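Here is the structure we will look at, set down as structure tokens.
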Amino acid sequence: MNTFLSRLNTIFAFTLSVMAGLTFLCFLSTFFNDHKTLVSINTGKIIVKSVPDYSTSREKNDLGFVVFDVQSDILSSLIVPTTSLFLYLTAEYTTQNHKLNQIVMWDKIIKRGENAIIDYKSMNTKYYFWDYGNGLRGNRNVTMTLSWNVIPNAGTLPKVMGEGSHRFAFPDDYTYFDVNHLEFLTLNSFPDHHDLIQNGDRNVNSHCLRKVHLTTKMSPNCYRCLLSSDLQAYRYNSMRGWGGPETQEPTPPSTPHNLSTPHPNLTLGV
Amino acid sequence: MGGLMDFGFLDDVRRMNKRQLYYQVLNFGMIVSSALMIWKGLMVVTGSESPIVVVLSGSMEPAFFRGDLLFLTNYQEEPIRVGDIVVFKIEGRDIPIVHRVIKVHEKENGTVKFLTKGDNNSVDDRGLYAPGQLWLEKKDVVGRAQGFVPYVGIVTILMNDYPKFKYLILACLGAFVLIHRE
């Protein structure tokens, strides 16, 4: 029965079994991977606001702002390179209503061949840190961990938690920014930086921002509104009562700043 | 060439007697029922109503691409945590969605509300949920992705996109099983 069809069939079947075998080897190669890695996480300025979350309801919920550093060398822990890694920074805490709350603050995809050394300083959260209710203010025990989901060529999808976590507390008082004063401050009190405002370039160099930061003692979230392209958004957001975290990358480097020593012109209410 | 093949097939059938013909039909039934048994067996073992799904969209790239095959489990005692890749169904939508959990709020009594987002999407899934729905609950979950095999599901996608192709393949397979003699 050596017809053309039967030969085709044999070749097809053989190819399939070879592919299946290779896929199985792929699965084996990542199955025994030891993914443990040290991670160091730190937080800078932390504030909490009570503002209505218009994306859900009109009720006021707690919205946290966290500036963080994260460092890890993940690639060294992977014996076999994988297709991609999905890294995510989780904040875990307990509130009165909810025994367990987990929020992804930031995430990143690392594809094969990309640099897997994580070293970020003074990052803003990528997603809003909304609580389901009002459980952030004065919350003493928020744990941050970095985990990643390993995506192999084929096989299981292990979730690995980095060794090392960071615990921080939210302040006992809500923070409010008076944006009218802020605009006044940025536009009039600091003419040196007019170029920055006129420029309106999103890729404003970090040096410039740092200068603004040092002179105005404003928080990163605040001085980012200096960029005129953001100013509109900030005005809009401020009408609703919040500034909002940065969702655009890259985040300009800055040093976390302590809010307890605000600039005299910058009105901070409680 | 084609004439020869036709001749070969017909020859096979012609050489069968009635008994063999019944046998072929029963054989066909056997294949169908064992496939069904494997599927239902997997449903029991994994606890998921559809233990194997095919990724239909690119919203989870670069983890999953169109045509990747996912193996799901849905054990009730396994808690839903941030970073899990869940497959969920939305009321009023036929096709389940594969996305990642980015927010979890769990109460003392175990009721859990969670929010999902596709890795490749810039916003969370609230726009995909039913109107007015803000959170997913445990009852919405079809399963959780435990493993995957790339590309294998592309056949299913082709069949879905081109129904004629599906009928052609089904007809060919059926005819082959019925006509072919061991």
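The values are calculated or read from the model by the stated rules, or taken from the named source; none is laboratory data. Just so it is clear, the structure is predicted and the values come from calculations on it, not from any experiment. Note that we place each Cβ from the backbone using ideal geometry, even for glycine, and neighbour counts take in every protein chain shown. Heavy atoms of the whole protein, side chains included, go into the accessibility calculation; ligands, DNA and RNA do not. Shrake-Rupley method; radii C 1.70, N 1.55, O 1.52, S 1.80 Å.
Can you find, within the stretch A:4-45, the residue that is least open to solvent (accessible area, probe 1.4 Å) among those that are among the β-branched types (Val, Ile, Thr) and over 31 Å from the mean Cα position of the chain (by Cα)?
A:Thr23
I'd like to know if the stretch A:71-92 contains one or more residues that are open to solvent by 30 Å² or more (accessible area, probe 1.4 Å), within 13 Å of chain B (Cβ to nearest Cβ), part of a strand (DSSP E or B) and not small (Gly, Ala, Ser).
So far as the stretch A:71-92 goes, yes, one or more of its residues are open to solvent by 30 Å² or more (accessible area, probe 1.4 Å), within 13 Å of chain B (Cβ to nearest Cβ), part of a strand (DSSP E or B) and not small (Gly, Ala, Ser).
Output yes when any residue across the stretch B:133-144 is at the interface with another protein chain (Cβ under 8 Å from one of its Cβ atoms), without any contact (Cβ under 8 Å) to a residue 24 or more places away in the chain and surrounded by fewer than 20 Cβ atoms within 10 Å (Cβ to Cβ), and no when none is.
Filtering the stretch B:133-144 for residues at the interface with another protein chain (Cβ under 8 Å from one of its Cβ atoms) gives B:134.
With the extra rule that they be without any contact (Cβ under 8 Å) to a residue 24 or more places away in the chain, the set shrinks to B:134.
Within this subset, residues satisfying the condition of being surrounded by fewer than 20 Cβ atoms within 10 Å (Cβ to Cβ) are B:134.
Checked against the condition, which is being at the interface with another protein chain (Cβ under 8 Å from one of its Cβ atoms), without any contact (Cβ under 8 Å) to a residue 24 or more places away in the chain and surrounded by fewer than 20 Cβ atoms within 10 Å (Cβ to Cβ), the stretch B:133-144 yields at least one hit.
Just the residues that are in contact with a helix residue (DSSP H, G or I) (Cβ under 9 Å, 6 or more places away or on another chain), part of a helix (DSSP H, G or I) and open to solvent by 50 Å² or more (accessible area, probe 1.4 Å), please, taken from the stretch B:11-65.
Passing the criteria: B:Val13, B:Leu21, B:Val25, B:Phe28, B:Ile31.
Cβ-Cβ below 8 Å, separation at least six or inter-chain, first residue in the stretch A:94-113 and more than 9 Å from every other protein chain (Cβ to nearest Cβ) and in a strand (DSSP E or B), second open to solvent by 50 Å² or more (accessible area, probe 1.4 Å) and not hydroxyl-bearing (Ser, Thr, Tyr): which pairs?
What qualifies is A:Met105/A:Lys126; A:Trp106/A:Lys126.
Name the pairs: first residue in the stretch A:119-133 and within 16 Å of B:His105 (Cα to Cα), second residue part of a strand (DSSP E or B) and charged (D, E, K, R), Cβ to Cβ under 7 Å, at least 6 apart or on different chains?
A:Asp131/A:Asp62
Exactly one of (1) within 14 Å of chain B (Cβ to nearest Cβ); (2) surrounded by fewer than 16 Cβ atoms within 10 Å (Cβ to Cβ); (3) touching a residue at least 60 places away in the same chain (Cβ under 8 Å) is unmet by A:Ala169. Its number?
A:Ala169 satisfies every listed condition except (1).
Have a look at A:Gly135, A:Gly155, A:Gly164 and point out the one that is on the phi > 0 side of the Ramachandran plot and in contact with a Phe, Trp or Tyr (Cβ under 8 Å, 6 or more places away or on another chain).
A:Gly155
Looking only at the stretch A:132-171, count how many residues are part of a loop (DSSP other than H, G, I, E, B) and either polar (S, T, N, Q) or under 16 Å from the mean Cα position of the chain (by Cα) (or both).
Count: 4.
Picking from B:Lys103, B:Lys113, which residue would you name as being outside any helix (DSSP H, G or I), within 11 Å of chain A (Cβ to nearest Cβ) and open to solvent by less than 60 Å² (accessible area, probe 1.4 Å)? Working first, answer last.
Numbers: B:Lys113 fails: open to solvent by less than 60 Å² (accessible area, probe 1.4 Å).
Every option except B:Lys103 fails the conditions.
Restricting attention to the stretch A:134-161, which residues are open to solvent by less than 20 Å² (accessible area, probe 1.4 Å), more than 7 Å from chain B (Cβ to nearest Cβ) and of a type in the set (Gly, Ala, Ser)?
A:Gly135
What's the number of the condition A:Lys121 fails, among (1) more than 14 Å from every other protein chain (Cβ to nearest Cβ); (2) on the phi > 0 side of the Ramachandran plot; (3) open to solvent by 20 Å² or more (accessible area, probe 1.4 Å)?
Answer for A:Lys121: the failing condition is (2).
Can you tell me which residue is farthest from the other protein chains (Cβ to nearest Cβ) among those in the stretch B:77-90 that are free of Cβ contacts under 8 Å to residues at least 40 places away in the same chain and either surrounded by fewer than 16 Cβ atoms within 10 Å (Cβ to Cβ) or charged (D, E, K, R) (or both)?
My answer is B:Glu77.
Is one or more of the residues making up the stretch A:18-38 part of a strand (DSSP E or B) and touching a Gly at 6+ places or on another chain (Cβ under 8 Å)?
Scanning the stretch A:18-38, I find at least one residue that is part of a strand (DSSP E or B) and touching a Gly at 6+ places or on another chain (Cβ under 8 Å), so the answer is yes.
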